[in-house]
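Scroll down for the structure; my scribbles are underneath it.
The values are calculated or read from the model by the stated rules, or taken from the named source; none is laboratory data. All values derive from a computational prediction rather than experimental measurement. Here Cβ is always computed from backbone atoms with ideal geometry, including for glycine, and neighbour counts include all displayed protein chains. Surface areas here come from the heavy atoms of the whole protein model, side chains and all, with no ligands, DNA or RNA. Shrake-Rupley method; radii C 1.70, N 1.55, O 1.52, S 1.80 Å.
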Amino acid sequence: MNKSRQLYEGKAKKVFLTEEDKELVIQEFKDDATAFNNKKKGTIAEKGVVNNAISCKLFTLLEANGIRTHLVEKLSDRDMLCRYLDIIKVEVVVRNIAAGSLVKRYGFKEGTVLEKPIVEFYLKDDDLDDPLMNESHAVALGVATLEELAILKNRAEAINAVLSKFFAERKLKLVDFKLEFGRHNGEILLGDEISPDTCRFWDLETNEKMDKDRFRFDLGGVEDAYSEVQRRVLDFD
Ligand code: TMP
C-alpha cells in the first residue's frame, strides 16, 4: 500500500489516501505534541513510533474482543493502514478515576475512584475548544443521531471493560481516555488512536503519571513514560 494525496493533517497525525484502494487510508503518527487545544506545543521524541505500536496492539485486542475498529494492519513504524471513516464529530471520554477536567469542572478530588464509569460527549471542534455536550446538543447540532449516540456509549463502555482489565494486568490504572468513531459502509467503527496521548495511565503501585500529563504539566520524563507504557503493552505476553 502506498500513500497518495494527503487528506488531512491534525495535531498528532497525517492521513493519506492510498493509491490502491479508495476505501483505505494511511494514518501517519507524528512526534508533534500539543496540549490545551494547541496553546502548548512541542515534540516528544519517537512518540509517533510508540503511539502507532501501542494503538495497533490495542485495536487488535479490541477486534479480538468483538469491537470493530478502523485498523487493517500496521504498515511500518509510523504508518497504520485503516478503513476510511466518515468521522463522527463527537469525542467520547470514559472516566474510571477522577482527574483532569472532571476535577476542574465538578470539584472531584483527584484520584477518587468512580463507583460507575462516567461517559461524556464533547463536540469535536477546535475553534470552540471541544465543548462538553449532552445528547440533545449533539442531535440539535446534527453531528449524530440519538441511536448513534447510544451505540457510542455502549461501545465506549465495552472498550473500557476490555482495556481496564488489560492494563490492570500490566500494572497500570486506566484513569480515563478519549475515543473517536466514524461511519463506514453503514457500520460504526472505532477510529483515531488509543495511546498515552489520549489516555491517562497511572502506575498501579505508585500512582506515577505515565501519559501526556507529563508533557501538559512539564513533569519531565515524558519519553521514558511513553516507552514504559509501550514496554508494558507490547512485551508482556
Ligand atoms: P480531560 O480530563 O482533559 O477532559 O481529558 C480526559 C481524557 O481525554 C484524557 O485521557 C485525555 C483525553 N483527551 C484527548 O485525548 N484529547 C483532548 O483534546 C482532551 C481534552 C482530552
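Please tell me if residue 187 is of a type outside the set (Phe, Trp, Tyr) and more than 16 Å from the ligand (Cβ to nearest atom). Yes; evaluated as a whole, the condition is true for this residue.
Considering each residue of segment 95-107, count those that are in a helix (DSSP H, G or I) and either in contact with a Gly (Cβ under 8 Å, 6 or more places away or on another chain) or more than 12 Å from the ligand (Cβ to nearest atom) (or both), and give that number. Final tally of qualifying residues: 0. Please enumerate the residues belonging to segment 108-129 that are part of a loop (DSSP other than H, G, I, E, B) and open to solvent by 60 Å² or more (accessible area, probe 1.4 Å). If the condition is that a residue be part of a loop (DSSP other than H, G, I, E, B) and open to solvent by 60 Å² or more (accessible area, probe 1.4 Å), then 108, 109, 110, 129 are the ones that fit.
Applying the set (1) at pLDDT 95 or above; (2) within 16 Å of the ligand (Cβ to nearest atom); (3) over 20 Å from residue 233 (Cβ atoms); (4) not small (Gly, Ala, Ser) to residue 126 leaves exactly one unmet item: (1). Of the residues making up segment 142-161, those that are outside any loop (DSSP other than H, G, I, E, B) and in contact (Cβ under 8 Å) with a residue 40 or more places away in the chain are 148, 149, 152, 153, 155, 156, 157, 158, 159, 160. List pairs: first residue in segment 87-109 and closer than 13 Å to residue 130 by Cβ, second residue within 8 Å of the ligand (Cβ to nearest atom) and not in a strand (DSSP E or B) anywhere in the structure, Cβ distance under 7 angstrom, at least six positions apart or on different chains. Going by the 7 Å Cβ cut-off, the qualifying pairs are 91/130. Of the strands (runs of 3 or more DSSP E) lying entirely inside segment 26-94, those carrying at least 2 residues that are within 30 Å of residue 127 (Cβ to Cβ) and more than 16 Å from the ligand (Cβ to nearest atom) are 79-83. The residues of segment 130-155 that are surrounded by 13 or more Cβ atoms within 10 Å (Cβ to Cβ) and within 14 Å of the ligand (Cβ to nearest atom), listed by number, are 130, 132, 133. Within segment 157-178, one or more residues are of a type in the set (S, T, N, Q), within 16 Å of the ligand (Cβ to nearest atom) and open to solvent by 20 Å² or more (accessible area, probe 1.4 Å).
Residue 235 meets the conditions (1) of a type in the set (D, E, K, R); (2) in contact (Cβ under 8 Å) with a residue 40 or more places away in the chain; (3) under 19 Å from residue 61 (Cα atoms); (4) open to solvent by 20 Å² or more (accessible area, probe 1.4 Å) in every case but one. The failed one is (2).
When we screen 68, 95 for residues that are surrounded by 17 or more Cβ atoms within 10 Å (Cβ to Cβ) and at pLDDT 95 or above, the only hit is 95.
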